[in-house]
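Undergrad: Just passing along the structure, written as C-alpha cells.
Nothing in this text is a laboratory measurement; each read-out follows from the coordinates by a stated rule. Predicted model, so just to flag it, every value in this text is computed and none were measured. Cβ: placed from backbone, ideal geometry, glycine included. Neighbour counts: every protein chain shown.
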C-alpha cells in the first residue's frame, strides 16, 4: 500500500528549484515490516526510472532523500534508482521506543530492500550514508553487487561525545544543530562554490526538522555512538567499489579517500575537481556519469 505524501510539511510550497519540486512530487511512503517491532515502520522513498540494474542511494547525517534531487533524474535515464530515508532520519516514521542506532538502521534497510527490491543492487552512500552502505554490504553481501562511496564516513571513527548527551545537554545540542544560521554555515562549508547554499538548498535541508520525533531520534542516534571506523573490516569487502571524492572537501577532508582506496582491494578512486563534500549536489552530471559507467 502506497500512502499519499500528505505527511510532507507545508514548507514544501516554498521550494523553487525544479528538481526539488519534482522530487517532492515523487515521494512515496510504505509500511515496512521489520524485526525491530510489531508495528510496521512507515518508510519514505523514491523510485525513479525502470530500466537497468537497481541502485539505492543513502543520504548523510541529519539529511533526507532531498539530498539526491539533482542526481536521481540523471541516473533514471539508464538505471532504476531508488532513494530511501534511513531509520531515524528524513521523513521515515520514528516510532516511540524504537532504537535509533547503526544496527537498527541496517535492519530496517534490509527489510526495505527485501520488500521493495529483492535483487542484487548497486548501493550508493554519501557521507554518513557511505558508512551505512559499508555496514550493509559487509552484513548482506548477497544484496549488494557493487558499492559507491561519495565522500564517505566510516574510515575514521567519529567523536565519542554522544554518550554524554544526557538531558538537557542532548536537547541543547539538537537545538544548536537546528538553528538556521548553524545549518547555513554547514551548508556553505559543504560546497566548493558557496553560491550553491541557496534558499532552496536551505529549505530542502530543513524540511524534515518538524517531523515527529526528530529531536529524540537525533539524540538517540548520537548517544548510540553512531558509526565507528570500519578500517579493519574493509579488506572483507568483496564488491567492486567506486570512491568518488570532492577534491576540496572541507567537511571530512581528503585524506580518507586514499585510505579507503588503499584498504578496499577492488576499488577505484575518482577525484571530482573543484568540488566540496557533496558531489551529487555540486557536480551531479559528472557524478552520475561515473556511477552509470561503473554500474554497467
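Undergrad: When the helices in the chain are scored as -39500 (n - 2.57) per DSSP H run of 4 or longer and the sum is shared across all residues, what 222 nm value do you end up with, to the nearest 500 deg cm²/dmol?
TA: On the way: 11 runs with 104 residues, N = 296.
-10000 deg cm²/dmol, from helical runs alone.
Undergrad: Using the per-residue mean of other Cβ atoms lying within 10 Å as a proxy for protection, in what order, highest first, do the peptides 273-279, 145-151 fall? It would help to have the intermediate numbers written out before the result.
TA: Details: 273-279: 21.6, 145-151: 25.6.
Packing proxy ranking, top to bottom: 145-151, 273-279.
Undergrad: Based on alpha-carbon positions alone, could you give the equivalent ellipsoid semi-axes of the chain from the gyration tensor, as √(5λ), descending, whole Å?
TA: Values: eigenvalues 122, 95, 93 Å².
Gyration-tensor ellipsoid for the chain: 25, 22, 22 Å.
Undergrad: Among 271, 245, 113, which comes first, then next, by fewest other beta-carbon atoms within 10 Å? Mind dumping the intermediate values first?
TA: Values: 271 14, 245 25, 113 22.
By the 10 Å Cβ count, ascending: 271, 113, 245.
Undergrad: Report the Cα-based extents of the range 49-90 along its three principal axes, largest first, to the nearest Å.
TA: 30, 17, 10
Undergrad: Taking the range 226-284 as the region of interest, what is the percent of Cα-Cα pairs per 5 angstrom bin, listed from the shortest bin to the one with the maximum distance?
TA: 4, 19, 25, 23, 19, 10, 1
Undergrad: State the antiparallel share, in %, of DSSP beta bridges confined to the chain, rounding to the nearest 5. Kindly include the intermediate steps, with their values, before the conclusion.
TA: Details: 9 of 34 bridges.
For the chain, the DSSP antiparallel bridge percentage is about 25.
Undergrad: For the ranges 205-212, 124-131, what's the packing order if you count other beta-carbon atoms within 10 Å of each residue, average per peptide, and put the highest first? Before the final figure, lay out each step's value.
TA: Details: 205-212: 17.8, 124-131: 28.4.
Highest mean packing first, the order is 124-131, 205-212.
Undergrad: In 10 Å bins starting at zero, report the fraction of Cα pairs in the range 28-158 per bin as a rounded %.
TA: Binned Cα distances yield the sequence 13, 48, 34, 5, 0.
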